[in-house]
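In what follows, a structure is listed as structure tokens, so that the remarks can point back to it.
The values are calculated or read from the model by the stated rules, or taken from the named source; none is laboratory data. Please read all numbers here as calculations on a predicted model, not as lab measurements. Cβ coordinates were reconstructed from backbone atoms using ideal geometry, including for glycine residues, and neighbour counts include every protein chain displayed.
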Amino acid sequence: MRLAEWPRHPFINDELREWLGLHLEALGCSDVAVFATATGREEDERRVLVATEVGLLDTWYGPRSSSARYSLSVRLYPWQAVHGVDLRGETSRLWAHEHETRWRLRIGRPPLDVLSETLELGHALTQFAAACAVMAEPIGETQPEQDPTEQTVARTPPPRQPAIPIESVPEAEPPLDLERRLRLPPRG
């Protein structure tokens, strides 16, 4: 499912859709597949993953210091850095002619572990997983498999870092005299 096809609810409102479009435009690429999920204690944050031609955009959208001010943090993982794409599905019968399907997608890097039980979100998750599986790391470089009985730990976004680190400017060094350093005879 692409960004333009994703329904307003769940998880992607008009502001978030617009901001994601601005980031894609700045990168000069388009979305191939999208998946969004709610995060945070009050599920007021959104994690939106966008598969593009150049890599996987991992975004966090949520309140910044108050519920009136939202921000979008974006990190691009080149496809060579995406590892451990693992999609699993299970379909079970509810009644004679009714069934339900659940999907689970895990990615080792960037860390992702999501479940989808609705038909619409399951469809979006499988399309997103297929795009990642085609473009991610080469065959044979997968992450070790975890025990399925192991409990899933909720993931939180990494701490915010300053956009541009401020460092002191070192004193200028004198130009390097290669002839003297390499003990070459002077030019004459």
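Here is the figure for region 27-40: residues that are among the polar types (S, T, N, Q) and either modelled with pLDDT of 90 or more or assigned to a loop (DSSP other than H, G, I, E, B) (or both) total 1. Entry remark, region 96-108: residues being loosely packed, with under 10 Cβ neighbours inside 10 Å and either part of a loop (DSSP other than H, G, I, E, B) or of a type in the set (Lys, Arg) (or both) number 2 in total.
Just to be sure, is residue 93 surrounded by fewer than 17 Cβ atoms within 10 Å (Cβ to Cβ), out of contact with any Cys (no Cβ under 8 Å at 6 or more places or on another chain) and at pLDDT 90 or above?
No: the conditions fail for residue 93.
Among the residues of region 109-121, those that are surrounded by fewer than 19 Cβ atoms within 10 Å (Cβ to Cβ) and either out of contact with any helix residue (DSSP H, G or I) (no Cβ under 9 Å at 6 or more places or on another chain) or of a type in the set (Lys, Arg) (or both) comprise 109, 111, 113, 117, 118, 119, 120.
Yes or no: residue 24 aliphatic (A, V, I, L, M), within 15 Å of the chain's Cα centre (by Cα) and part of a helix (DSSP H, G or I)?
Yes; evaluated as a whole, the condition is true for this residue.
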